[in-house]
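Asker: Got a structure for you, questions after.
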Amino acid sequence: MCFEAWNGNQDLAIKQIQMGFKLIQAWREEEVDETDERRFVGLESAMSDTVEDELVRVFKRLDVQAISFTSETTPERHALVLSGERALLDRMPQVFTSARDAATYANALVRQTMRFFSEQIPLPIPPPPQIYFPMHGWWGVRIPHVVAIQQRIMTDVLRWKAADAPFWRQINMEAQDQAEDHSEDYFLASVSRMHIQILWIGLITICMDNESDFDQYFDVFRDVVDLAEYALEVQNAKSKTPKFTFDSLVVIPLYMVTFKCRDPTIRRKAVRLLLDNPRREGVWDSVLGGKMGEWAMTIEEEFMEDGKVPEWARIHWVALERDKEQRNAMLSCEQRAGPYSKEVVMRRKIITW
């Protein structure tokens, strides 16, 4: 799986992730007792160094990677995020007392949300070998039970933000104290905050009717990009060489900023961070994400008026068709033909990375 993801074969990497879930599910059904089950979903300490614990943690992180690249849903993929995780979120404290606590609940919210996206949001499937990136096809959803789930998760996200606010202030003050090293906690808290901020953007995306509605969230996008920049500085201080990790760190958040934020300064910074810091996070490639975002920015800003991308020029239905041998891809999207036309035109470009 690492080899396929590193070499850009996302399709096979995703299939191997799904196979891993099937194997873990079979093992859990035969071997795992109630205490271990509670630990795996986060209701009890997950700090064990056993191989089994580490495998479960890895595949829980890969869950986000697999869903973000495909709308297909299988029971195995979500076997680790059922009732136990809901119970964990119900126990969220009013104020976090450690970066690890904040991260535990943030990760649970991310997995709950990605499972919701995969199982509940209707999305057409393009003809192979094209793939849609699900977030580009979500808008205007009015299905009552889907909206109800969205609202419940958003309530949990607001609870997380309320619990994190005093802790975030405290850890920022502690970070100024040169006498003690708080760098590890500050890094973990920063990443959790970044993921929750972009998670909120993903949740509001599904019910929005107009792409212009994202313009009220420039402060959120700026926070995400600044936190991603800090996270990359920490990573690059250890090694500047291209990196591979199972974790979703900065690529998905920055990718979403490049498509949903139309502030030119914030958007360009997100693109630059992706392109200047080559890395693979699971099945996500930062250079591919950066080039896709740069393409979207270019075709939308062709029609910029007074520094703003007009609503009609904002794109939908981004599709990717990869040529693994040539290491390039055909990008396509829909864009209205003009401000007074309902006609939709296809915009296409071949990119290499």
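Asker: Just for the stretch 273-315: of the residues that are out of contact with any Lys or Arg (no Cβ under 8 Å at 6 or more places or on another chain) and among the aromatic types (Phe, Trp, Tyr), which one is farthest from TYR255 (Cα to Cα)?
Answerer: My answer is PHE303.
Asker: Follow-up. Being farther than 25 Å from LEU123 by Cβ, of a type in the set (Ser, Thr, Tyr) and within 26 Å of the chain's Cα centre (by Cα) is the filter here, so list the residues in the stretch 319-353 that pass it.
Answerer: Across the stretch 319-353, the qualifying residue is only THR352.
Asker: Look at ILE153 and say whether it is over 24 Å from LEU227 (Cβ atoms) and touching a Phe, Trp or Tyr at 6+ places or on another chain (Cβ under 7 Å).
Answerer: no
Asker: Now for a separate question. Anything in the stretch 98-115 that is under 18 Å from VAL250 (Cα atoms) and not hydrophobic (A, V, I, L, M, F, W, C)? List them, or say none.
Answerer: Selection gives THR104, ASN107, ARG111, THR113.
Asker: Which members of the stretch 250-268 meet the condition of being closer than 20 Å to ASP306 by Cα, in a helix (DSSP H, G or I) and touching a residue at least 24 places away in the same chain (Cβ under 8 Å)? Even if it seems obvious, please write down each step before you answer.
Answerer: To start, the set of residues in the stretch 250-268 that are closer than 20 Å to ASP306 by Cα comprises 258-268.
Next, from what is left, pick out any that are in a helix (DSSP H, G or I): 258-260, 264-268.
THR258, PHE259, LYS260, PRO264, ILE266, ARG267, ARG268, listed by residue number.
Asker: Please enumerate the residues belonging to the stretch 176-234 that are closer than 24 Å to VAL309 by Cα, of a type in the set (Gly, Ala, Ser) and either free of Cβ contacts under 8 Å to residues at least 60 places away in the same chain or surrounded by fewer than 16 Cβ atoms within 10 Å (Cβ to Cβ) (or both).
Answerer: SER212
Asker: Next question. Could you tell me which of the residues VAL318, VAL271 is out of contact with any Pro (no Cβ under 7 Å at 6 or more places or on another chain) and in a strand (DSSP E or B)? Working first, answer last.
Answerer: Details: VAL271 fails: in a strand (DSSP E or B).
Result: VAL318 is the single residue among VAL318, VAL271 that is out of contact with any Pro (no Cβ under 7 Å at 6 or more places or on another chain) and in a strand (DSSP E or B).
Asker: Now for a different question. Identify the single condition in (1) under 30 Å from ALA329 (Cβ atoms); (2) not in a helix (DSSP H, G or I) that PHE117 does not satisfy, given that it satisfies every other one.
Answerer: (2)
Asker: Restricted to the stretch 267-318, and to residues that are at positive phi and surrounded by fewer than 20 Cβ atoms within 10 Å (Cβ to Cβ), which residue is farthest from the chain's Cα centre (by Cα)? Explain how you work it out, then say what you get.
Answerer: Narrowing the stretch 267-318 to residues at positive phi: 282, 306-307, 317.
Pick out the ones that are also surrounded by fewer than 20 Cβ atoms within 10 Å (Cβ to Cβ) and you get 306-307, 317.
Values: ASP306: 31, GLY307: 28, TRP317: 18 Å.
Within the stretch 267-318, the match that is farthest from the chain's Cα centre (by Cα) is ASP306.
Asker: A further question follows. Tell me, please, whether a residue that is part of a helix (DSSP H, G or I), surrounded by 15 or more Cβ atoms within 10 Å (Cβ to Cβ) and touching an Asp or Glu at 6+ places or on another chain (Cβ under 6 Å) can be found in the stretch 141-158. Write out each step before concluding.
Answerer: Restricting attention to the stretch 141-158, the residues satisfying the condition of being part of a helix (DSSP H, G or I) are 144-158.
Right, trim to surrounded by 15 or more Cβ atoms within 10 Å (Cβ to Cβ) and you get 146, 149-150, 153-154, 156-157.
Checking the rest, the ones that are also touching an Asp or Glu at 6+ places or on another chain (Cβ under 6 Å) come to none.
No - not one qualifying residue is present in the stretch 141-158.
Asker: Further question on the same structure: Scan the stretch 148-166 for residues that are at pLDDT 95 or above and of a type in the set (Val, Ile, Thr) and jot them down.
Answerer: ILE153, THR155, VAL157
Asker: Identify all residues within the stretch 319-353 that are surrounded by fewer than 16 Cβ atoms within 10 Å (Cβ to Cβ) and of a type in the set (Phe, Trp, Tyr); write none if there are none.
Answerer: Of everything in the stretch 319-353, just one residue is surrounded by fewer than 16 Cβ atoms within 10 Å (Cβ to Cβ) and of a type in the set (Phe, Trp, Tyr), namely TYR340.
Asker: ALA237 is checked against (1) among the hydrophobic types (A, V, I, L, M, F, W, C); (2) assigned to a helix (DSSP H, G or I); (3) surrounded by fewer than 20 Cβ atoms within 10 Å (Cβ to Cβ); (4) in contact with a Phe, Trp or Tyr (Cβ under 6 Å, 6 or more places away or on another chain) and fails just one. What number does that condition carry?
Answerer: Failed condition: (4).
Asker: Now, a different point. Out of the residues in the stretch 167-223 that are hydroxyl-bearing (Ser, Thr, Tyr), over 28 Å from LEU123 (Cα atoms) and more than 18 Å from the chain's Cα centre (by Cα), which is modelled with the lowest pLDDT?
Answerer: SER183
Asker: Continuing with this model, one more query. Conditions first: (1) of a type in the set (Phe, Trp, Tyr); (2) at pLDDT below 95; (3) over 23 Å from LEU199 (Cα atoms). TRP284 passes all but one, so which condition is the exception?
Answerer: (3)
Asker: Another question about this same structure. How many residues does the stretch 235-267 hold that are at pLDDT 95 or above and farther than 24 Å from TRP317 by Cβ?
Answerer: Total meeting the criteria: 2.
Asker: Among (1) part of a helix (DSSP H, G or I); (2) surrounded by fewer than 17 Cβ atoms within 10 Å (Cβ to Cβ); (3) touching a Gly at 6+ places or on another chain (Cβ under 8 Å), where does PRO124 come up short?
Answerer: Answer for PRO124: the failing condition is (1).
Asker: Which one of GLN335, GLN326 is under 28 Å from VAL250 (Cβ atoms), in contact (Cβ under 8 Å) with a residue 12 or more places away in the chain and assigned to a loop (DSSP other than H, G, I, E, B)?
Answerer: Details: GLN335 fails: assigned to a loop (DSSP other than H, G, I, E, B).
Just a single option satisfies the conditions, and that option is GLN326.
The values are calculated or read from the model by the stated rules, or taken from the named source; none is laboratory data. For clarity, every value in this text was computed on a predicted model and none was experimentally measured. Virtual Cβ from ideal backbone geometry, glycine too; neighbours counted across all protein chains shown.
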